[in-house]
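Report on the following structure.
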Amino acid sequence: MSRVSQAQAEENRRRVVDTASRLFREHGTHVSVADLMKAAGLTHGAFYKQFASKEALVDEATAHAFAELARRYSTGLERHDGQRVAAQRALIDAYLSLEHRDAPADGCPVAALATDIAREGGGEGREARRVYAEGVADFAEFLARDDQDGLVRLCTLFGALVLSRATKGLPISGEILAAAHAAVTEED
């Protein structure tokens, strides 16, 4: 048996975390380790060389998903030369789009992971719950404006996305996104 180099082991770990982040957002954290490793192109046994438990992977994949979200709004600020309102508007436009509704694997971890984080045991001590709460707070802070509370805006985005996904294929799905968009951008 050949041994995997340290660089390859690090790349494998990165690939598993990235794959888990996407699969957990699309299907929930109940995805089996075997299915996850298959999607990452690795063997089931390789999982235990990288992670102490599936819970540890959920923690890391949650942090990875929120880091991606933070990069998105940082990139938006850069694209809009630091103009916060323009960056917020671009993010809201993308967030409340049919494309985002239809692609949870690449989408917002706030909406995609909420139910799993709420259902998992461990309470406040769980790392994934802590990372989730910090990610929600950071996202709300990005969305805040002088005239609109960031938490209210985030709750509106989150609720609209979840309801739109639940009603996908029906006319009300798009109506939900449009109504939420109008509500959070009325002052723009």
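The values are calculated or read from the model by the stated rules, or taken from the named source; none is laboratory data. Because the structure is a prediction, the values reported are computed rather than measured. No Cβ is skipped: glycine too gets one built from the backbone with ideal geometry, and neighbour counts run over all protein chains shown. SASA here: full protein model, heavy atoms, side chains in, ligands and nucleic acids out. Shrake-Rupley method; radii C 1.70, N 1.55, O 1.52, S 1.80 Å.
Remark: the chain carries 54 Å² of accessible area per residue (probe radius 1.4 Å; ligands, DNA and RNA excluded). Cross-link reach is defined here as a Cα-Cα straight distance under 21 Å, omitting same-chain residues fewer than 8 places apart; for Lys168 none of the lysines meet it. In units of the rule-of-thumb radius 2.2 N^0.38 Å, segment 1-65 shows an alpha carbon radius of gyration of 1.04.
Ranked by solvent-accessible area (1.4 Å probe, protein heavy atoms only, all chains present), the residues Arg14, Arg165 order from largest to smallest as Arg14, Arg165. Annotation for Gln83 and Glu10: the two label points, set 7 Å from Cα along the Cα-Cβ direction, are 4.0 nm apart. Principal-axis analysis of the Cα atoms of the chain puts helix 54-79 at an angle of about 40° to the longest axis. How much of the accessible area of segment 1-156, in percent, comes from carbon and sulfur atoms when a 1.4 Å probe is used? Answer for segment 1-156 is 51 percent, counting heavy atoms of protein chains only. For Leu96, the solvent-accessible surface computed with a 1.4 Å probe is close to 10 Å², ligands and nucleic acids excluded. Counting only residues at least eight positions apart within a chain, or on another chain, the aspartates and glutamates with an alpha carbon under 12 Å from that of Lys49 are Glu10.
Given axes a ≥ b ≥ c from the Cα gyration tensor, I'd like to know whether segment 58-173 is rounded (a/c under 1.5), prolate (a/b larger than b/c) or oblate. It comes out oblate by the Cα gyration axes. Counting only DSSP H runs of at least 4 residues, each contributing -39500 (n - 2.57), and dividing by the residue count of the chain, the helix-based mean residue ellipticity at 222 nm comes to -24000 deg cm²/dmol. For segment 4-45, a simple Cβ point-charge model (Lys and Arg +1, Asp and Glu -1, everything else neutral) yields a dipole of about 40 debye relative to the Cα centre.
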